Structures are given as C-alpha cells and as structure tokens.
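Asks: I'd like to ask you about the structure that follows.
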Amino acid sequence: MRTLRKPPYPITISYVVPTASSAYYLVIENPGDQTETEVYLTSTSTSKVTYDLDDDFVRYDRSYAITIYESHITSDGHERGDIVVEDNLDVSRPYLDPASLGTTATEITEYTGYEALARAIIDSLTGGFYYRKTWIEVTGQGTDYLPLWVKAYRILKVYESSELVYNSLATPHSLGSWEYLITKDKSAIIKDPVTATTSFDRSERKPATIPFAASDSIGFFDTGDSGNFQSLTSGVTFGQGTDYILLLETGHKVVPYDIQDATKMLIDDIKCGKLDYYKRYIKNYQTDQFKIEYDPRMIQGTGNIIVDKILSKYISPITRPGIL
C-alpha cells in the first residue's frame with residue numbers, strides 16, 4: 001500500500017481480511033529502527049481493519065512491512081494465529097499535492113499516479129527529497145570534527161563505543177560531559193562541554209605525533225610523583241579509532257519550489273504522452289529493415305531538458321567521501 005504523507009493527520013490505512021467482526025493482530029515492522037508495532041483490532045461488518053498512523057509514521061518518510069494475523073484465544077489470552085495479509089506500507093511525502101491538480105475524485109486519483117511516476121523519475125537522478133531518520137556509523141579521525149556526508153537537521157541519539165552518551169528525547173540531553181551539535185554549515189558534528197568555558201579552539205586535523213628523546217628531568221607520563229610533566233599531543237573530542245553510531249534527522253523538511261515546478265512539468269509531459277521515448281532522441285532512421293539509432297541522452301535524463309537543468313544542481317556523483 002502506498003499512502004501520501006500530507007495533512008490532515010493522522011493517516012488512516014485499511015485492509016480487507018477474510019472474516020467480518022473478528023479479532024486480528026496488525027503488526028508494522030520498521031526495518032530501520034528494528035522495532036515492531038503490534039495493534040489488536042476487530043474487523044468491521046465489511047471485513048476491513050483500519051488503523052490510524054501518527055507520531056513517527058507521519059513525521060518521516062519510510063517503507064514498512066505490514067503483517068496481519070488472526071487472533072487466537074488461549075488460556076493465557078490472545079496470541080497470533082495464521083497470516084492473512086502481507087504487504088509493504090510506503091509512507092512518502094508527495095513533491096506536489098495531487099489534490100491541487102484535480103477537482104474530482106477521479107482526477108485526483110489520476111494525478112496521484114502521475115505524481116508517483118514523476119517522483120520516481122526525479123528520485124532516480126537525485127536520490128529523493130524525503131525527510132527520514134537515518135542511522136550512521138562512523139569512526140573518529142583524531143580531530144574535533146565528525147564529518148557528515150548527508151544533509152542533517154537534528155541529532156537524535158549518539159552512541160560512543162556502544163554506550164549511549166546523548167539522547168535529544170530525554171532530559172537532560174547529554175548523558176555525559178558533552179553536548180553534540182551540528183555545525184552551522186551542516187558539514188560536521190562537534191562537541192560542546194556541558195560546563196561553560198571561556199573559549200574552545202577546535203582542531204581541524206589530527207595533531208602530528210613527533211617522537212621525543214628520553215629525558216631525565218621531564219616525564220612524558222603522569223606518574224603522580226613529579227610536577228615535571230609534558231603532554232605529547234593535545235587532546236581531541238573525537239579520538240582516533242573511537243566508534244560512533246548516530247541517529248539523525250536527514251533530508252529535506254520541505255520540498256524545494258524548483259522541484260515542485262519540475263514535478264509539475266513532468267506530470268504534464270506524462271499526461272500528454274511527451275515522454276514516449278520512441279518518439280524522441282532518434283539520430284538515424286532507415287526505412288529498409290527499420291534500422292533506428294537513438295541518441296545516448298535518451299537514458300541520461302528525464303526527457304525534458306528544462307527539468308534536467310533544474311535537477312542538475314541536486315545531482316552529485318559522490319554519495320560518501322572516501323579514498324580511491
């Protein structure tokens with residue numbers, strides 16, 4: 001089932017089950033969070049079960065696995081029986097509201113299909129303009145910055161070496177001595193001390209490690225029995241090799257206006273049949289044995305040069321920085 005994530009909320013989903021006025025279990029599996037929502041429902045007189053989606057279901061774009069079980073009564077209560085429905089539940093925000101394009105129910109249904117196809121074409125080139133909860137696993141590089149390769153808006157949770165150290169859903173957020181923040185340019189995550197300090201000069205690169213000669217007067221390790229102590233390197237907040245698991249809100253909170261315009265143009269092209277590739281991009285045509293040669297651009301864009309120009313600034317060949 002596909003449902004559009006748009007007001008009014010909550011979103012109601014409905015499935016047909018074998019029998020009317022019977023008990024069922026509706027189970028929604030979230031593969032991203034590895035969580036499961038179980039709801040006990042009773043089917044209507046028309047053999048349907050309905051459920052209202054709210055909270056995270058209407059806040060983020062995501063696909064879920066839906067399973068409906070018969071409910072069996074045992075001595076210990078109710079338990080799951082046979083599976084009667086298995087389906088995918090895709091909750092996604094449209095790039096353009098189909099209700100704004102049509103007036104009647106038939107027109108809105110027609111435009112809903114056109115919008116889904118136009119959105120799929122745009123997603124194939126740009127990766128999409130959704131708003132999601134995203135897990136990221138990264139290793140500290142021995143600096144005071146933790147680079148990001150996604151468009152992040154908010155830090156929800158941070159695990160350092162498998163220990164929860166920050167939770168924005170709790171009070172206080174910090175479970176240690178550091179607050180976790182996203183830099184103003186959204187390029188990295190930084191730490192701020194919970195206890196206020198006068199100044200904090202962050203290290204953008206890993207400090208150089210220089211070998212030291214032995215000394216009789218200066219100790220390089222603090223043994224507690226000498227005041228002559230010299231630190232080899234300055235400390236950093238994201239130590240080299242430290243494992244971090246981050247739960248972030250990523251993507252686009254709103255759909256850019258130019259993407260809405262591009263979606264509208266693609267919907268018009270689809271409706272009018274302008275995206276029939278066999279009518280376009282033909283370089284050479286011969287009537288004898290019907291030899292047809294297509295231009296390579298046929299598979300490189302959307303079929304609309306204006307839309308391609310709009311999408312060009314959102315297309316990046318690098319999805320995650322690395323070393324070749």
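Read-outs: derived from the displayed coordinates by stated rules, not from any lab. It should be emphasised that the depicted structure is a prediction, and the values quoted were computed from it without experimental measurement. As a convention, Cβ positions derive from the backbone with ideal geometry for all residues, glycine included, and neighbour counts pool all protein chains shown.
Asks: What is the local net charge at Y145, summed over the other residues whose Cβ is closer than 12 Å to its Cβ (Lys, Arg +1; Asp, Glu -1)?
Replies: Surrounding charge for Y145 is +1.
Asks: So how do 194-205, 94-105, 256-267 stack up, highest first, on mean other-Cβ count within 10 Å?
Replies: Per-residue mean Cβ counts within 10 Å order the peptides as 256-267, 94-105, 194-205.
Asks: What percentages, rounded to whole numbers, describe P(r) for region 47-199 computed over all alpha carbon pairs with 5 Å bin width beginning at zero?
Replies: 2, 6, 10, 13, 13, 12, 10, 11, 9, 7, 4, 2, 0, 0
Asks: Can you work out ³J(HN,Hα) from phi for every residue in region 21-26, in order, using Karplus 6.51 cos²θ - 1.76 cosθ + 1.60 and θ = phi - 60°, giving whole Hz and x for Gly and Pro?
Replies: 6, 10, 8, 9, 10, 9
Asks: Hey, another quick one. Need the full-extension length gain, A65 to S203, defined as separation in residues times 0.36 nm minus the C-alpha distance. One decimal, nm.
Replies: Length gained, A65 through S203: 45.3 nm.
Asks: Sticking with this structure for a sec: If each residue's Cβ is checked for other Cβ atoms within 10 Å, how do Y64, Y24, Y314, Y9 rank with the fewest at the top?
Replies: By the 10 Å Cβ count, ascending: Y9, Y314, Y64, Y24.
Asks: For T3 and E293 in one chain, what is 0.36 nm times their gap in residues minus the Cα-Cα distance, to one decimal in nm?
Replies: 100.4 nm
Asks: Scale the Cα Rg of region 1-136 by the rule-of-thumb value 2.2 N^0.38 Å and send over the ratio, two decimals.
Replies: This ratio for region 1-136 stands at 1.20.
Asks: Taking H as built 1.01 Å from N, whose amide H comes closer than 5 Å to the amide H of A188, not counting residues under 5 places away?
Replies: Amide H neighbours of A188: L148, T183.
Asks: List the residues, sorted by chain then number, that are 5 or more residues from R62 or on another chain and whose placed amide H is less than 5 Å from its amide H.
Replies: V91
Asks: Let me ask another. On a straight-distance basis, which lysines could pair with K133 in a cross-link, Cα separation under 28 angstrom, same-chain partners fewer than 8 positions away excluded?
Replies: Straight-distance partners of K133: K6, K151, K157, K184, K186, K191, K253, K264, K313.
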